[in-house]
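Peer 1: This is the structure I have questions about; it appears just below.
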Amino acid sequence: MPFAITASCCSDAQCVSVCPVGCIHPAPGEPGFGTSEILHIDPAACIDCGACADACPVNAIFPVDKLAGPDREYAEINASYYTDHDDVPPGRAPYPFVPRLRAGLRVAVVGTGPAGMYTVRDLLGRTECEITVFDALPTPGGLLRSGVAPDHPETKRIQHGFDLALRHPRVRFVGGVEVGRDVSIADLEGAFDAVFLASGARRPRRLGVPGEDSPGVVPALDVVTWAGGVPGRDSSPIPELGSAGTARAVIVGTGNVALDVARLLTLRPEDLGRTDAADRALDVLRARPIRDVVVLGRGDSSRAAYTQAEFRTLHHVPGLEVRVVEADAPFVDSPPPTETRVTFLFGSSISRVDGDGPLTVHLDRAGDGTALAADLLVTSIGHDVEPFDELHHDPSGALRHDAGRVRPGLYATGWLKRGATGGIGANRACAQESVDSFLRDATDDALPPRAAERADLLARLKKSGAVVDLRGARAIDRRERLDGERVGRPRVKITSLDELLATARRRAPRR
Ligand code: NAP
């Protein structure tokens, strides 16, 4: 029985590298790799060995006769890829460049989200370097810990492989250190042979319309980090709504983040209560303050930014009605007749927002000037890079680099390098390219000499008192999981920075 890949595919292609018959496509280097929503197994070529399922970090691969519920349609989705693409070449991951480097190289990686951790794994596999990994938070994981939607636990499984990398004897985790605040890029370049920046793109784009700064208008990042448990993001982005029962949120943008927010707002309390959403968000969302969500797309539905896999997932949210109003169709504004409803309203641009509580969202929509009453407006229109003072950015804010090389010894990877686009798996190939650039510089003797001692820098950082090592991070992880076990959840996140640090300190640091 052939295997099939399902919606939670992360496209990092670990399955491709273990498939003995090369029947998973698009593979790295093939057209469509990095942009296709999921990878696909050719049912005619699959030999049913299960190697791909074992290697899959997100548990997305099953024999087709074991597909259940909404996953059943993925047998056909995998197969139809091959009827639609009759020119699929045999898939083989390109052989990575593994040079002989001088001994004792020390590398810093800034950021422990997928971009940073794929970089760590690639460096571990291709070099003998010692790697120091920094994160601004005491907990590793970045986007995987706090950005992936709480109802997508299968995606978070990818963290397991990253945790193993963090425990590698050549890797040291230094949490609670923010580059730009606690240490400069120049400090890091002085103490390490190479520095990889993987700090993402965290500046929400602005709509640029009047009324955008009204109370009740929030960027999706505020909702995501609040529900994701990021310390310091305690205030609820959802206004107090009384008992109206059918309060409405409007979300601008049709990317996967918009869909994550739409599901978060409309999940049944019992489903939400099984997730690792932060308690502060559960307390608010369980009361279901929002019953009606309208997602605005500027173009028609064929231009929507969400992936079909995520759009399909929305249709399987219990009790949720999904309504699509095409750009050229009239919009009939009515309260949801069902428990909860998400309406995709295409061909709609916001021209102005009025009000400071209940909002009126004015739309340009096929010239008919529709206005929507809303209690919350979430802007989910993408993110830009937060510029580093020490680096060159284009006027658009994008970091200047060549194949990840900012300058010899300094590299970027992930959303900081490519802009805020692409799912988790896209970071694997992106990291490999940046590591390639580093390896070329190292073999060409182009890395600048170290001017300072790593130990001195780390000692200085430790003196600040807020630094957490891997033992501390694991103590936090254990405590959160134990608390979760008691209430049937994956974990109960600690969201107070003081409590995170206190939990980390309860575990005496290794001498
Ligand atoms: P995105 O996919 O780039 O979508 C941004 C949306 O904002 C688009 O619909 C865009 O519309 C709209 N937009 C931009 N400027 C606008 C404006 N001024 N007015 C109105 N609409 C505007 O961004 P994202 O949702 O933040 O996701 C970022 C990346 O993360 C994506 O690659 C996404 O697939 C990935 N991601 C994946 C998952 C998952 O796999 N489950 C989950 C979350 C995120 P136009 O097309 O009209 O410009």
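Peer 1: Can you confirm whether region 299-321 contains a residue that is within 28 Å of Arg206 (Cα to Cα), away from the ligand (no atom under 16 Å from the Cβ) and not aromatic (Phe, Trp, Tyr)?
Peer 2: Checked against the condition, which is being within 28 Å of Arg206 (Cα to Cα), away from the ligand (no atom under 16 Å from the Cβ) and not aromatic (Phe, Trp, Tyr), region 299-321 yields no hits at all.
Peer 1: Give me the pairs, please: first residue somewhere in region 252-263 and closer than 7 Å to Ser380 by Cβ and within 6 Å of the ligand (Cβ to nearest atom), second residue anywhere and part of a helix (DSSP H, G or I) and not polar (S, T, N, Q), beta-carbon distance under 6 Å, and either six or more positions apart or on two chains.
Peer 2: What qualifies is Val257/Ala220.
Peer 1: Give region 384-407 a look and list any residue that's of a type in the set (A, V, I, L, M) and either within 30 Å of Ala247 (Cα to Cα) or assigned to a loop (DSSP other than H, G, I, E, B) (or both), or say none.
Peer 2: Pass one, region 384-407, residues of a type in the set (A, V, I, L, M): 385, 391, 398-399, 403, 406.
Listed by number, the residues that qualify are Val385, Leu391, Ala398, Ala403.
Peer 1: I would also like to ask the following. Being surrounded by fewer than 20 Cβ atoms within 10 Å (Cβ to Cβ) and either basic (Lys, Arg) or out of contact with any strand residue (DSSP E or B) (no Cβ under 7 Å at 6 or more places or on another chain) (or both) is true for just one of Gly397, Gly425, Gly419. Which residue is that? Outline the logic, then answer.
Peer 2: On the way: Gly397 fails: either basic (Lys, Arg) or out of contact with any strand residue (DSSP E or B) (no Cβ under 7 Å at 6 or more places or on another chain) (or both); Gly425 fails: surrounded by fewer than 20 Cβ atoms within 10 Å (Cβ to Cβ).
Exactly one residue qualifies, and that residue is Gly419.
Peer 1: Given the options Arg481, Arg471, name the one that is in contact (Cβ under 8 Å) with a residue 12 or more places away in the chain, open to solvent by 50 Å² or more (accessible area, probe 1.4 Å), closer than 23 Å to Ala502 by Cα and outside any loop (DSSP other than H, G, I, E, B).
Peer 2: Numbers: Arg481 fails: in contact (Cβ under 8 Å) with a residue 12 or more places away in the chain.
Answer to the selection: Arg471.
Peer 1: Might you let me know whether region 348-355 holds any residue that is buried (at least 16 other Cβ atoms within 10 Å of the Cβ), within 15 Å of the ligand (Cβ to nearest atom) and of a type outside the set (Ser, Thr, Tyr)?
Peer 2: There is at least one residue in region 348-355 that is buried (at least 16 other Cβ atoms within 10 Å of the Cβ), within 15 Å of the ligand (Cβ to nearest atom) and of a type outside the set (Ser, Thr, Tyr).
Peer 1: Let me ask you something else. Could you go through region 264-276 and let me know if any residue there is modelled with pLDDT under 95, in a loop (DSSP other than H, G, I, E, B) and open to solvent by 50 Å² or more (accessible area, probe 1.4 Å).
Peer 2: Yes, the conditions are met somewhere in region 264-276.
Peer 1: Let me ask something else about it. When you scan region 484-495, how many residues do you find that are open to solvent by 20 Å² or more (accessible area, probe 1.4 Å) and in contact with a Gly (Cβ under 9 Å, 6 or more places away or on another chain)? Steps first, answer last, please.
Peer 2: Quick first cut of region 484-495, residues open to solvent by 20 Å² or more (accessible area, probe 1.4 Å) only: 485-492, 495.
From what's left, in contact with a Gly (Cβ under 9 Å, 6 or more places away or on another chain): 487-492, 495.
Counting residues in region 484-495 that are open to solvent by 20 Å² or more (accessible area, probe 1.4 Å) and in contact with a Gly (Cβ under 9 Å, 6 or more places away or on another chain) gives 7.
Peer 1: While we're here: Which condition number does Pro237 fail, the rest of (1) touching a helix residue (DSSP H, G or I) at 6+ places or on another chain (Cβ under 7 Å); (2) within 11 Å of the ligand (Cβ to nearest atom); (3) within 25 Å of Thr360 (Cβ to Cβ); (4) not hydroxyl-bearing (Ser, Thr, Tyr) being met?
Peer 2: Here Pro237 clears every test but (2).
Peer 1: Also: Kindly indicate the residue of region 1-32 that is out of contact with any Asp or Glu (no Cβ under 7 Å at 6 or more places or on another chain) and among the polar types (S, T, N, Q) and also nearest to the ligand (Cβ to nearest atom) among those meeting that condition.
Peer 2: Per the stated criteria, the residue is Ser11.
Peer 1: Ser434 versus (1) surrounded by fewer than 20 Cβ atoms within 10 Å (Cβ to Cβ); (2) modelled with pLDDT of 95 or more: which is the lone unmet condition?
Peer 2: (1)
Peer 1: Pairs under 7 Å by beta carbon, first residue over 20 Å from Gly200 (Cα atoms) in region 147-162, partner in a helix (DSSP H, G or I) and within 11 Å of the ligand (Cβ to nearest atom), six or more apart or different chains?
Peer 2: Pairs that qualify, where the first residue is over 20 Å from Gly200 (Cα atoms) and the partner is in a helix (DSSP H, G or I) and within 11 Å of the ligand (Cβ to nearest atom), are Asp151/Arg263.
Peer 1: Restrict the check to region 59-79 and report whether at least one residue is modelled with pLDDT under 95 and among the β-branched types (Val, Ile, Thr).
Peer 2: no
Peer 1: Further, regarding this structure: Within region 277-297, is even one residue touching a strand residue (DSSP E or B) at 6+ places or on another chain (Cβ under 9 Å), open to solvent by 10 Å² or more (accessible area, probe 1.4 Å), modelled with pLDDT of 95 or more and within 15 Å of the ligand (Cβ to nearest atom)?
Peer 2: Initially, region 277-297 is screened for residues touching a strand residue (DSSP E or B) at 6+ places or on another chain (Cβ under 9 Å), giving 288-297.
Keeping just the survivors that are open to solvent by 10 Å² or more (accessible area, probe 1.4 Å) gives 288-289, 291.
Narrowing the set further to residues that are modelled with pLDDT of 95 or more leaves none.
Checking region 277-297: not a single residue is touching a strand residue (DSSP E or B) at 6+ places or on another chain (Cβ under 9 Å), open to solvent by 10 Å² or more (accessible area, probe 1.4 Å), modelled with pLDDT of 95 or more and within 15 Å of the ligand (Cβ to nearest atom).
Peer 1: When only residues in region 212-232 that are open to solvent by less than 10 Å² (accessible area, probe 1.4 Å) and in contact with a strand residue (DSSP E or B) (Cβ under 7 Å, 6 or more places away or on another chain) count, which is farthest from the ligand (Cβ to nearest atom)? Give the steps one after another, and end with the answer.
Peer 2: Going residue by residue through region 212-232, those that are open to solvent by less than 10 Å² (accessible area, probe 1.4 Å) are 220, 223, 226-229.
With the extra rule that they be in contact with a strand residue (DSSP E or B) (Cβ under 7 Å, 6 or more places away or on another chain), the set shrinks to 220, 223.
Working: Ala220: 7, Val223: 12 Å.
It comes out as Val223.
Peer 1: Kindly indicate the residue of region 365-389 that is within 30 Å of Ser184 (Cβ to Cβ) and within 12 Å of the ligand (Cβ to nearest atom) and also surrounded by the most Cβ atoms within 10 Å (Cβ to Cβ) among those meeting that condition.
Peer 2: Filtering region 365-389 for residues within 30 Å of Ser184 (Cβ to Cβ) gives 382-389.
Still in the running and within 12 Å of the ligand (Cβ to nearest atom): 382-384.
Values: Gly382: 17, His383: 20, Asp384: 18.
It comes out as His383.
Peer 1: For region 12-34, which residues satisfy the criterion of being open to solvent by 20 Å² or more (accessible area, probe 1.4 Å), in contact (Cβ under 8 Å) with a residue 60 or more places away in the chain and part of a loop (DSSP other than H, G, I, E, B)?
Peer 2: Pro28, Gly29, Glu30, Phe33, Gly34
Peer 1: Given (1) charged (D, E, K, R); (2) over 17 Å from Ala247 (Cβ atoms); (3) open to solvent by 60 Å² or more (accessible area, probe 1.4 Å), identify the lone condition not met by Glu339.
Peer 2: (2)
The values are calculated or read from the model by the stated rules, or taken from the named source; none is laboratory data. A quick note: this is a predicted structure, and the numbers were derived from the prediction, not measured. With ideal geometry, Cβ positions are generated from the backbone for all residues, glycine too; neighbour counts draw on all protein chains shown. Calculation scope for accessible area: heavy atoms of the full protein, side chains included, ligands and nucleic acids excluded. Shrake-Rupley method; radii C 1.70, N 1.55, O 1.52, S 1.80 Å.
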